[in-house]
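Please read the structure below before turning to the comments.
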Amino acid sequence: MRRKLLLLLETGLVLAGLLLGASAWKIHSALEQPLNITQEELLDVPKGSTPTRTILGLETDGVIKDAFWLRIYWRFNLSGTPIHTGEYRMQPGMTVKGLIDLWKRGEVVQYSLTLVEGWNFHQVRAALAKDEKIEQTLTGLSDSDVMSKIGHKGVFPEGRFFPDTYRFVRGASDTELLKKAFDRLDEVLAKEWENRSTDAPYTEPYQALIMASLVEKETGVPQERGQIAGVFVRRMALGMQLQTDPTVIYGLGDRYNGKLTRAHLKEATPYNTYVIPGLPPTPIAMVGREAIHAALNPVEGTSLYFVARGDGSHVFSDDLDAHNSAVREFQLKRRADYRSSPAPASTPEATPASGEAVPAASPDTAPESLPQVPVQEPAPTPETEAAAPQNAQ
C-alpha cells in the first residue's frame, strides 16, 4: 500500500512538472511570438484600460494569439503593475515581450503643442481646440469658466500662460495643458521678479507682466526688448502716455481689420494708451522669459520714442523732432518690403491715416505681426496704477 502511495505521489509530481514545463513553454512561446503586423501601428490604451482588456483586444484584432497564457504571465509576474494610458508604437518584427516591456516602462508616444509668444488667449484656446489628440473639456465654456475649471477663479486669462512647447500623450485634456502653462508662467515670473533691477518701477509682478506684454508685441528683435522697456519706463516716469499701437489694436478687438487709423488712436477704450495714463489694466498677449526679463531690467538711456525701420528693427530717438524725422523716413516713405517684425507678414499692410507724423512711442500704423483680437470678456479694473503715473500737464 505504501509503495502504491509513493508511486502515485511520484506520478503526480512528474505530471505536475510536465504541466509546469508545458505551461512555461506556452508562456515563453506566447511572449516570443512576433506581432502580426506588416507596418508600424499605434496601440491606443485609453484611460481606465486594464492589462487583461488590452491583451484580449489585441487577440480579437488578430495582432497576437494565446492571450490566455499572456494573462497568466501578467498575473503571476506583473500583478499590480498598471498599464499607462497613451499610445504605444508597435513595429513589424516586435515580439509580445517587447511590447510588454514598453508597457512596463510607460514608453508612450509623445505629442507636442506649441504656444507662441505674442498670442492672445483666444488663439491659445483655438490651438487647443483644433488638436484632435487632446481631450476637449472646455468647449463652450466662457473664458472665466475656463479659469475656474483650471483652479484660478476670478483671474483674467490674458497673458497668464507661458509660451512654450508642451509634451503630452493622446487623451491628455485641454484643462491639464492649460494648468501646466499657467503654472509655468507663475514660475518664470517669480524667478525673474526675484532678480529684477532695483530701478524697476513696479509694486507687484503683475504690473511687470503687463509691461512685458507690451514689449513682446512691439518687437521680435531680442536685443531691442530691454531698450523698448527702457523707453516705456522713462515715459511713465515723466508722466507721458505710453502711446503704443498694440494696446489700441487689442482694445479694438474684432473690429481691427489690419489698418490702424487716427480715429482709433483717439477712441477711448480701457487699453488705448494714447488715451489712458500708464499701463493698460491687463496684459495684451502671452510673453516669453526674455520679454519678462526686459520689463524687469529696462536698459538705461535717454530715448523716449522709437519707430520701426521696416526690417524688424527700430530707430530710437531722444526727442520729438528726431522721432518725427524718423517717422518721415521709415513710415511715410515705406520700402516695398517693409515689415514691422522680423517674421513674414500675415495680415494686410496699412498706410498711414494721413501724411502727418504721429508723435507716439511706436507709431507703426501697420504692425503686420499683430493678429486680430476677437471679442473677449471685459477686463477687470485694476486696483492700483502705482506703476503708471498720470500724464504731465
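Go over the candidates L42, L35, L31 one by one and state the one that is surrounded by fewer than 16 Cβ atoms within 10 Å (Cβ to Cβ) and touching a residue at least 60 places away in the same chain (Cβ under 8 Å).
L42
When the residues of the range 152-167 are narrowed to those that are surrounded by fewer than 21 Cβ atoms within 10 Å (Cβ to Cβ) and touching a helix residue (DSSP H, G or I) at 6+ places or on another chain (Cβ under 7 Å), which ends up farthest from R184 (Cα to Cα)?
The selected residue is K153.
Kindly indicate the residue of the range 229-278 that is of a type in the set (G, A, S), part of a helix (DSSP H, G or I) and more than 22 Å from E158 (Cα to Cα) and also nearest to the chain's Cα centre (by Cα) among those meeting that condition.
G230
Name the residue, out of T85, T95, T52, that is touching a residue at least 40 places away in the same chain (Cβ under 8 Å), hydroxyl-bearing (S, T, Y) and under 18 Å from K26 (Cα atoms).
The conditions single out T95.
If a residue has to be aromatic (F, W, Y) and under 30 Å from the mean Cα position of the chain (by Cα) to count, how many in the range 279-328 make the cut?
Of the residues in that region, 1 qualify.
Between S142, S148, which is among the hydroxyl-bearing types (S, T, Y), over 17 Å from R53 (Cα atoms) and in contact (Cβ under 8 Å) with a residue 12 or more places away in the chain?
Going through S142, S148 in turn, the sole match is S142.
Any residue in the range 66-78 that is closer than 15 Å to E40 by Cα and in contact (Cβ under 8 Å) with a residue 40 or more places away in the chain?
no
Among the residues of the range 98-110, are any among the polar types (S, T, N, Q), part of a loop (DSSP other than H, G, I, E, B), under 22 Å from R170 (Cβ atoms) and without any contact (Cβ under 8 Å) to a residue 60 or more places away in the chain?
Checked the range 98-110: at least one residue is among the polar types (S, T, N, Q), part of a loop (DSSP other than H, G, I, E, B), under 22 Å from R170 (Cβ atoms) and without any contact (Cβ under 8 Å) to a residue 60 or more places away in the chain.
What are the residues in the range 208-223 that are buried (at least 21 other Cβ atoms within 10 Å of the Cβ) and either more than 21 Å from the chain's Cα centre (by Cα) or not polar (S, T, N, Q) (or both), if any?
Passing the criteria: A208, L209, I210, M211, A212, L214, V215, E216, K217, E218.
Could you run through the range 279-297 and say how many residues are in a loop (DSSP other than H, G, I, E, B), closer than 20 Å to E194 by Cα and of a type in the set (G, A, S)?
1
Across the range 224-245, what is the number of residues that are in contact with a strand residue (DSSP E or B) (Cβ under 8 Å, 6 or more places away or on another chain), surrounded by 22 or more Cβ atoms within 10 Å (Cβ to Cβ) and more than 11 Å from L304 (Cβ to Cβ)?
So the answer is 3.
For the structure I just gave you, tell me whether L260 is closer than 19 Å to N120 by Cβ and at pLDDT below 95.
The answer is yes for L260.
Given the condition at negative phi, aliphatic (A, V, I, L, M) and not in a helix (DSSP H, G or I), answer yes or no: does some residue in the range 81-92 qualify?
Scanning the range 81-92, I find at least one residue that is at negative phi, aliphatic (A, V, I, L, M) and not in a helix (DSSP H, G or I), so the answer is yes.
The values are calculated or read from the model by the stated rules, or taken from the named source; none is laboratory data. This structure is a prediction, so every number in the text was calculated from the model and none was measured. FYI the Cβ positions are ideal-geometry reconstructions off the backbone, even for glycines, and counts take in every protein chain you see.
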